[in-house]
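The structure appears below as structure tokens.
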Amino acid sequence: MLDILIVNVGNIRKKVYQELSDNFSAIEPPFWAALTAGFIRKSGYSVEILDANAYNYSHKEATKIIEEKNPRFVAIIVFSQQANTCSPIMESVIELCDEIKKSNKDRVVIVSGWHPSALPQRTMEEVECNYIIVGEGFHAYVDLLKNKETGEILGLWYRDKGVIRNNQEPELIGNLEKELSDVAWDLLPLNKGLYRAFNWLCLNDLESRDKCATIYTSLGCPYHCTFCAIHSSFKSNRVRYWSPEWVVKQLSHLYHTYGIKNINLLDEIFILKPDHYLKVAEGIINEKLPLNICAFARVDIINKIPINNLAVLKRAGVNWIKLGIESIQPEILEGVNKGIYDGEASRNVVKKLHDAGIDICANFMFGLPGDTWDSMQGSLNFAYSLNCSFPSFFCTMAPPGSELFERASELGLKLPDTWGGYAQQGYDFLPLSTDTLSAKEILAFRDYAFTAYFSNPRYLHMIELKFGKKARTHIEKMTKISLKRKILTE
């Protein structure tokens with residue numbers, strides 16, 4: 001009998017991305033599911049992964065497979081590229097759990113991940129599941145498989161005679177290399193053309209998008225931006241690392257076994273510790289792995305590192321940096337604990353990266369506390385002037401687990417009525433309002449900014465010169481898609 005089936009929930013693409021889901025959004029392999037499966041398998045239990053998102057299964061289709069496999073436990077891990085984008089998945093989690101229990105009321109269902117860790121009590125009340133696991137969850141899964149007493153399993157939420165109870169949260173995994181050494185890549189359909197990298201990552205080779213994977217090289221973040229929910233799981237600002245050798249071994253396996261070359265590094269900040277990121281890069285170079293990599297970085301960190309370090313990253317295939325510019329107003333950035341730097345610092349960093357041959361996916365946020373029409377327009381004008389290959393325009397929201405969520409709840413600010421309301425490209429999306437701007441005004445500006453930037457002839461000319469006619473045509477088709485927004489029609 002199969003001990004545990006880990007499910008990556010499906011039926012979410014249209015809800016989260018609307019028509020962009022057809023070809024323009026990413027469908028990434030669920031690294032956290034593969035990491036959890038590797039830990040469970042190493043502990044001596046049988047495990048499989050059902051990636052319902054990759055196959056785009058309906059809840060009925062996924063439930064049918066679950067019943068056919070008949071595992072002791074079904075584990076639904078609520079995970080996405082970033083903690084801030086996890087909550088929109090919850091509507092499908094609730095629907096899938098309802099379908100599972102309708103099919104077999106005795107099926108034991110466990111839910112874990114970032115959103116349940118942020119709101120465990122509410123998740124227990126909303127979801128038809130037997131258990132919630134908060135935090136990283138690896139040991140709790142194994143303890144359940146061992147039939148350990150529920151009251152003794154750290155990080156477990158459960159029902160006792162109808163009463164919701166919870167146990168003390170566990171310590172974080174201390175030695176990633178020792179305890180989380182195995183990733184069950186073989187349990188994912190990596191060679192079936194089901195996955196899809198971000199379109200911007202593959203602008204120079206759009207046909208290669210299905211050769212992609214995601215991986216962490218570290219866990220945690222030392223910063224406390226108020227709009228981020230990463231600490232809902234980690235409860236710490238400590239960053240823990242796998243060794244560079246382990247990372248390179250995983251990347252080599254992905255390339256040589258599955259032909260994967262497009263890599264999204266999920267680290268909250270990969271370019272942070274030179275002893276780590278430079279050794280990873282040098283290992284990739286020594287192994288002659290022809291990779292195309294994107295990684296997160298901060299303006300204030302890139303501003304300080306030597307250009308030679310960027311040259312090493314570029315040689316290793318780090319062709320894209322996801323840079324959180326957010327705003328050009330220092331006082332707005334300081335207000336959300338992002339740091340203190342101005343537009344000139346961001347401009348210098350962008351030039352520095354461009355000089356190293358690295359393209360930029362620059363993040364901008366509209367509707368940060370203190371934002372006005374003028375400050376949002378200033379950020380958009382700044383984006384125009386940078387002419388980055390692919391900026392990402394977001395509205396500020398208050399994801400569960402973030403300081404902004406707690407603050408908004410205390411102040412009685414309007415939050416989404418449904419979890420789908422947290423999906424940036426979703427129909428029901430409701431951003432956070434400011435003192436001077438309504439959620440409707442902020443969203444209207446964001447959608448205007450997106451269309452204006454990506455239809456700019458100067459920008460399209462740059463894309464064609466740098467990546468070719470196919471890339472330009474792809475961008476033009478993307479820009480023609482008009483997202484439907486509930487609050488903009490009310």
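Rule-based calculations on the coordinates, nothing more; no lab input. Computed from a prediction, not measured in an experiment: that's the story for all the values here. In this analysis, Cβ positions are derived from the backbone assuming ideal geometry, glycine residues included, and neighbour counts consider all displayed protein chains.
As a footprinting exposure proxy, order 462, 365 by other Cβ within 10 Å, with the fewest listed first.
Numbers: 462 15, 365 26.
The most exposed by this proxy come first: 462, 365.
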Could you please rank 98, 143, placing first whichever residue has the fewest other Cβ atoms within 10 Å of its Cβ?
98, 143
What is the list of residues in the range 296-318 whose amide nitrogen lies under 11 Å from a point 7 angstrom out from the Cα of residue 273, following Cα to Cβ?
none
Given H placed 1.01 Å from N in the peptide plane, which residues other than close sequence neighbours of residue 325 have an amide H under 5 Å from its amide H?
363
Could you name the lysines whose alpha carbon sits less than 24 Å from that of residue 148, not counting residues in the same chain fewer than 8 places away?
42, 69, 101, 105, 161, 178
So in the chain, which Cys have no other cysteine's beta-carbon sitting under 4.7 angstrom from theirs?
86, 97, 129, 202, 212, 221, 294, 361, 388, 395
How far apart, in nm, are two points set 7 Å out from the Cα along the Cα-to-Cβ line at residue 347 and at residue 481?
3.4 nm
Straight distance only, please: which lysines reach the Cα of residue 484 with their own Cα at less than 18 Å, same-chain residues fewer than 8 apart left out?
14, 15, 440
By the C-alpha gyration tensor axes a ≥ b ≥ c (rounded if a/c is under 1.5, else prolate when a/b exceeds b/c, else oblate), the shape of the range 15-164 is rounded
For residue 192, go through the aspartates and glutamates and keep the ones whose alpha-carbon is under 19 Å away, minus same-chain ones fewer than eight residues off.
22, 28, 48, 51, 61, 205, 207, 210
For the chain, take the longest principal axis of its alpha carbons; what is the angle in degrees between that and the long axis of helix 343-355, to the nearest 10 within 0 to 90?
90 degrees
